[in-house]
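Have a look at the structure below before the remarks.
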Amino acid sequence: MSQNAKWKDVYVQGASTTKWGFFPNDSTSSMGSAAIVDALKDAQIKWGKVEAVFAGSVYQGTASGHRVVGEIGFTGIPIVNVESACSSGATAFRLAYDSIRLGQYETVLAIGFEKMPRGPIPSTAFPSWQLAMGFNVQPANYALETMEYMHQYGATVEDFARVSVKNRRNGSLNPNARFQKAVSTEEVLQSAMIASPLRLLNCCPLADGAVAMVLTSKPESNRAIRVASSVLVSGVYGEESYQSGITASVHHYPSKGIVEKSAREAFESAGYGPEDIDIVQAYDSMGPGELWDIEKLGFCARGTAPELLREGVFDLTGSLPVNTDGGLLSRGHPLGATALAQIHEIVSQLRGEAGQRQVANPKLGLAHAMGAGPNSAVTILQR
Amino acid sequence: MMKIERKAIPVMEGLWKVEADGKPYLIGSRCEACGEVFFPRKKLNFCMQCHEEYLEEIQFSGEGRVLALTKVERQPAGGFYKGAVPYTYGIVQLDEGVNICSQLVDDPVLSVGERVKMVVVKLYEEENNDVMTFKFTAENSLVRGEG
């Protein structure tokens, strides 16, 4: 995937997020439209300049993006609704990015919004017989991957608790996070068992909210952030994907898995490598996942992330801060909006506008989201 | 009054069969072109690995080992699952070389790497039917299949 000389540079000119939480009195259209208005203000452009909208959500039903945009006012532009489970927001972002990069439009909007059902998520990403057998429990599916990770690399439940401790500490500095209270290792290890070995505080909370982003090829502000690459990989034959009920092929395991492939394509397209990245939003729907995600993205060797976490490498003051906004574990997980919320945090950090959790002088940031299907979306942004 | 007889029905047709001697086995597909093995049996004659149309139906011996397992402590959302909670499920690698997701009979307690065998047991009751499923249990388990 090499760069084409005719492709245009793409920038995030405006970005806005609502708070994340449980908002029974708000609708997706009210939250989504509020995010759009704020993103337009942040970008200092008028609604009439927007030429297309790409809208990511999972549980909002038919024409969900149209309902959001309808609150702003229809202007005859195309509204494309996108669903790719927990990577929907990044997929909307990728379509928006491509539409500008390839010269179709000059200014477009990528939005993500969700109003979550209460309790665990009723996934439809499984065949009916697997649903009948109870295989659609996401903490349990991550628990299977966690068991393999423990077995292969000797990681412990204390290692996984430290991910929650770090991310909840970061989240305590994020006024938009659903959970803004730090937790201790002991609290994580004593929380209720959900699917062994995963406990309640190893699992992300769900959340409602919305995020909007203005992308353009003609940035009119020095706060604009360049999109270095945006990649979606949907499935690699032979690899296990427990969150989609897929087991590994014994005879034909792929040389590169879905995360590795998406990261490699994103780095190649951006012209940078893992060593150039200053901040990361990794996929921490379950705490242990953050560790193997950092490894699969290429930031360290397999099995070494727990040790680097202990040494503080992934802290706000470390050499590679990970999930600076508190990640899914603190911010919360609004499925269709999550991946755009990750990108929003990278934009805030690169602009130097992340407040108390601001990392010192980052220039390149990477966001990674997984989605049932499976999907793996990697976005690299540059100041 | 006639007594209505309880019927045992599978959670899904075509996952397993029972031999004349009462021993159950899982049904799958194998690609004659590339050797890939699938469970459940693929209805479409198209290999997802090599994309050729050389699939044949095969039967598995119903023995393997545990690769990973977890005990689910809460009722799954969506109302799809009507079995008992808590329940244990995991990944079993069958001796024929395919990994499958299966519920596990966790008594005696199973661990990673352990040899397991297939049994057919009740998943839940529905009106006058016993809805049956395959599960895997320790080789020395006393759990007896009903199907």
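The values are calculated or read from the model by the stated rules, or taken from the named source; none is laboratory data. Remember, it's a predicted structure, so these values are computed and weren't measured experimentally. Here Cβ is always computed from backbone atoms with ideal geometry, including for glycine, and neighbour counts include all displayed protein chains.
A few points about this structure:
- Pick from the range B:24-77, criterion farther than 18 Å from residue A:127 by Cα and small (Gly, Ala, Ser), ranking: farthest from the other protein chains (Cβ to nearest Cβ): B:62
- Pick from the range A:4-22, criterion in contact with a helix residue (DSSP H, G or I) (Cβ under 7 Å, 6 or more places away or on another chain) and surrounded by fewer than 17 Cβ atoms within 10 Å (Cβ to Cβ), ranking: modelled with the lowest pLDDT: A:7
- Matching entry among A:163, A:214 (being among the aliphatic types (A, V, I, L, M), more than 27 Å from residue B:90 (Cβ to Cβ) and out of contact with any His (no Cβ under 6 Å at 6 or more places or on another chain)): A:214
- Here residue A:275 meets the list (1) charged (D, E, K, R); (2) in a helix (DSSP H, G or I); (3) buried (at least 18 other Cβ atoms within 10 Å of the Cβ) almost entirely, failing just condition (3).
- Count of residues meeting criterion [of a type outside the set (S, T, N, Q), in a helix (DSSP H, G or I) and either within 14 Å of another protein chain (Cβ to nearest Cβ) or at positive phi (or both)] in the range A:231-272: 1
- Pairs with Cβ under 7 Å, 6+ apart, first in the range A:267-295 and without any contact (Cβ under 8 Å) to a residue 60 or more places away in the chain, second basic (Lys, Arg): A:295/A:302
- Filtered residue count, the range A:189-230, keeping only those that are within 14 Å of chain B (Cβ to nearest Cβ), part of a strand (DSSP E or B) and touching a helix residue (DSSP H, G or I) at 6+ places or on another chain (Cβ under 6 Å): 4
Let's see how each residue does on (1) crowded, with 20+ Cβ neighbours inside 10 Å; (2) within 8 Å of another protein chain (Cβ to nearest Cβ); (3) in contact with a Leu (Cβ under 6 Å, 6 or more places away or on another chain); (4) hydrophobic (A, V, I, L, M, F, W, C):
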{"site": "A:117", "(1), (2), (3), (4)": "no, yes, no, no"}
{"site": "A:131", "(1), (2), (3), (4)": "yes, yes, no, yes"}
{"site": "A:144", "(1), (2), (3), (4)": "yes, yes, no, yes"}
{"site": "A:180", "(1), (2), (3), (4)": "no, no, no, no"}
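- Residue in the range B:46-57 that is surrounded by 14 or more Cβ atoms within 10 Å (Cβ to Cβ) and within 15 Å of the chain's Cα centre (by Cα) present: no
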